There are 2 protein chains.
Amino acid sequence: MGDYISMLKQNGLKTTFQRLYIMQVIDDYGHLDIDEIYSKVLLVHPSISLATIYKNILTLVEKKVIKEVPIEGKKSKYEILKQDHFHLICIECGSVEDCDYEELSGVVSSSSRHHHFLQKKVELSVYGYCKKCIDKINEKS
Amino acid sequence: MGDYISMLKQNGLKTTFQRLYIMQVIDDYGHLDIDEIYSKVLLVHPSISLATIYKNILTLVEKKVIKEVPIEGKKSKYEILKQDHFHLICIECGSVEDCDYEELSGVVSSSSRHHHFLQKKVELSVYGYCKKCIDKINEKS
DNA sequence: TGGAAATCAATAAAAATTATCCAAAAGGAA
DNA sequence: TTCCTTTTGGATAATTTTTATTGATTTCCA
């Protein structure tokens, strides 16, 4: 749980309750899409508008306070910006797990250099089945 | 340039001109989004409907004849299914370049296993500036 | 070649995203 | 604090994107 207020101030953004709570729920749950954020914020702030969610997500992404995680065939999810990592995305339940990127980082950036490509950021996603879903499938058989 | 007809037959799909040409332009250009595909197919088949593009993309993705390449903040692009590789995505001009995945593959899959995750496919995208755009920027200064 | 099944085009409908506009709130300066 | 400027939020409209429907056309195998 981070210091959302100073993260916002550093980027010249005003700290409204709506904005703070959007960051809060994203951080709490790790990875949420627009609808999930909306429904969770609605619970504690019933008057919030969906357009407010969209607007805030846009500005928070622009200011690099949060990060978009695009997902094949689904809506993008968003996460609080954190240390480099990659994602294990379950194609059964949709869960997203963070994974340490360390060992990979060197190989990827040297590969970018080799292609005369100026690397700014890396997005690595592994699609498959998470442990929970594997277990669930095994139980049935 | 592949044998589109047998790729379709293997998946029980009929080989219509529209479908073949959709595969053709994707293959020719490497990576295209829906609108790009539509406008290019329109040139040689002026009566095609945008809905036809959507429907075909959907079935071709389902049958794994083509693959979705999700891109942050933009529409997904599509590519003909080919050997594992990753993408260098230029945030200046939007170009997408394929890159050999070989060296990385082992590290990624061992990392998945370590998390008890059953890996099905990997999507790795590096965002940054391609050589052309770097040169263009340097010329100006 | 005939005919069932798949596909297409056109269009409507639905879903997702963005823009507009005015009231409300935030945050700095006095 | 209080005032004032600027940003933001909420409601809603507009736009964009995607999906569903329907009847006509095409594919392809027997």
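The values are calculated or read from the model by the stated rules, or taken from the named source; none is laboratory data. Keep in mind it's a predicted model, so treat the numbers as computed, not measured. A quick note on method: Cβ atoms are made from the backbone with ideal geometry, for glycine too, and the neighbour counts reach across all protein chains shown.
May I ask you to verify whether B:Y78 is of a type in the set (S, T, Y) and within 12 Å of DNA strand C (Cβ to nearest atom)? Taking the combined requirement at face value, the residue does not satisfy it. When A:Y29, A:Y54 are screened for being in contact with a helix residue (DSSP H, G or I) (Cβ under 8 Å, 6 or more places away or on another chain), within 14 Å of DNA strand D (Cβ to nearest atom) and not assigned by TED's automatic domain parsing to the domain that holds A:S95, only A:Y54 passes. So for the range B:114-127 (the condition being more than 10 Å from chain A (Cβ to nearest Cβ) and loosely packed, with under 13 Cβ neighbours inside 10 Å), does at least one residue qualify? No, that holds for no residue. Going through (1) at pLDDT 95 or above; (2) closer than 21 Å to B:I71 by Cα; (3) in contact with a strand residue (DSSP E or B) (Cβ under 8 Å, 6 or more places away or on another chain) one by one, A:L104 falls short only on (1).
For the range A:64-98, a residue qualifies if it is touching a helix residue (DSSP H, G or I) at 6+ places or on another chain (Cβ under 9 Å), within 17 Å of B:K75 (Cα to Cα) and facing chain B (nearest Cβ under 8 Å), and the qualifying residues are A:E68, A:E72, A:G73, A:S76.
Looking at B:L50, B:L42, just one residue is more than 11 Å from chain A (Cβ to nearest Cβ), surrounded by fewer than 19 Cβ atoms within 10 Å (Cβ to Cβ), without any contact (Cβ under 8 Å) to a residue 12 or more places away in the chain and within 13 Å of DNA strand C (Cβ to nearest atom), and that residue is B:L42. Annotation note: of A:L58, A:L13, the sole residue that is out of contact with any Pro (no Cβ under 8 Å at 6 or more places or on another chain), near DNA strand C (Cβ under 9 Å from one of its atoms), over 30 Å from A:K132 (Cα atoms) and within 14 Å of chain B (Cβ to nearest Cβ) is A:L58.
Residues checked against (1) within 10 Å of DNA strand D (Cβ to nearest atom); (2) at positive phi:
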site	(1), (2)
B:I5	yes, no
B:G12	yes, yes
B:Y21	no, no
B:V25	no, no
B:K63	no, no
B:G73	no, yes
B:L81	no, no
B:D98	no, no
B:G106	no, no
